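Contents: one structure, followed by commentary.
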Amino acid sequence: MAHPQQLGFQDATSPLMEELLHFHDHALMIVFLISAFVLYLLVAMVTTKLYDKYILDSQEIEIIWTILPAIILIMIALPSLRILYIMDEVNDPHLTVKAMGHQWYWSYEYTDYEELGFDSYMIPTQDLTPGQFRLLETDHRMVVPVESPIRVLVSAEDVLHSWAVPTLGVKMDAVPGRLNQTAFISSRPGVFYGQCSEICGANHSFMPIVVEAVLLECFENWLSFVLQDS
């Protein structure tokens, strides 16, 4: 999760988020080099008293400053398109979870199992135990197995919401009457936090998302416990 005074992204816990971080660093380095080069040209033009009439009117320079930006745009566009295709692909998911947004809580339904669903409310501040995070903890977590493709079907019952977990690289709008889907693979066990990322009303900041990734054996034990309890 995010830490105080953190300047960068959260640590990636999915292959998709790792690709997004690599693309961010790639694009940021290009922007930094272009900014440094333009700054150098501005300082050079302001400070120098020398000029060359062949530089002021040169077809070669015009060709360079037309082709070079096109090459830079291609260097940015190709990795971007690759990531867009990766984000849209949902290949043979091992588990499907339906996340439904309400005012102001989430409900989850494991569609591969009969009658397995629950509501997820934020834990009030006065009920938190030591070690829990304020405004981020929920009474029921979305539990998924690690290293397994998980498909999440996202919708809403009343107004616009957005199901987002930054460390997994997942953000999908929840639109009433529309069923959107996204997918992720958790590369390691852990508890990952997110929040509704659409301004959905007065309690918009009080409907957190908690995804707990566990080993497959632990997930099966959790399933058997929940199914017996229901």
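When restricted to residues that are over 25 Å from Arg134 (Cα atoms), open to solvent by less than 50 Å² (accessible area, probe 1.4 Å) and either of a type in the set (A, V, I, L, M) or modelled with pLDDT of 95 or more (or both), the range 183-230 contains 3.
Does any residue of the range 29-50 turn out to be open to solvent by less than 80 Å² (accessible area, probe 1.4 Å), in contact (Cβ under 8 Å) with a residue 40 or more places away in the chain and not in a helix (DSSP H, G or I)? No: the range 29-50 contains no residue that is open to solvent by less than 80 Å² (accessible area, probe 1.4 Å), in contact (Cβ under 8 Å) with a residue 40 or more places away in the chain and not in a helix (DSSP H, G or I). Of everything in the range 73-99 that is open to solvent by less than 40 Å² (accessible area, probe 1.4 Å) and hydrophobic (A, V, I, L, M, F, W, C), the residue that is nearest to Pro208 (Cα to Cα) is Ala99. Looking only at residues in the range 210-230 that are of a type in the set (A, V, I, L, M, F, W, C) and in contact with a Lys or Arg (Cβ under 9 Å, 6 or more places away or on another chain), the one that is nearest to Val152 (Cα to Cα) is Val211. Within the range 183-195, how many residues are free of Cβ contacts under 8 Å to residues at least 40 places away in the same chain and hydroxyl-bearing (Ser, Thr, Tyr)? Residues in the range 183-195 being free of Cβ contacts under 8 Å to residues at least 40 places away in the same chain and hydroxyl-bearing (Ser, Thr, Tyr): 0 in total.
Scanning the range 168-182 for residues that are within 16 Å of Phe9 (Cβ to Cβ), open to solvent by 10 Å² or more (accessible area, probe 1.4 Å) and not charged (D, E, K, R) yields one hit, Gly169.
A quick yes/no check of all residues on (1) under 14 Å from Val211 (Cα atoms); (2) of a type outside the set (D, E, K, R):
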residue: Ile150; (1), (2): yes, yes
residue: Asp158; (1), (2): no, no
residue: His161; (1), (2): no, yes
residue: Ala174; (1), (2): no, yes
residue: Arg178; (1), (2): no, no
residue: Ala183; (1), (2): yes, yes
residue: Arg188; (1), (2): yes, no
residue: Val191; (1), (2): yes, yes
residue: Cys196; (1), (2): yes, yes
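When the range 143-180 is filtered for residues that are in a loop (DSSP other than H, G, I, E, B), closer than 21 Å to Leu16 by Cβ and charged (D, E, K, R), only Glu147 remains. Criterion applied to Thr13, Thr48 was being among the β-branched types (Val, Ile, Thr) and within 17 Å of the chain's Cα centre (by Cα), and the one residue passing it is Thr13.
The values are calculated or read from the model by the stated rules, or taken from the named source; none is laboratory data. Please read these numbers as outputs of a predicted model, since none were measured by experiment. Backbone-built Cβ (ideal geometry, glycine too); neighbour counts: all protein chains shown. Accessible surface is based on the protein model in full, side chains and every heavy atom, while ligands, DNA and RNA are left aside. Shrake-Rupley method; radii C 1.70, N 1.55, O 1.52, S 1.80 Å.
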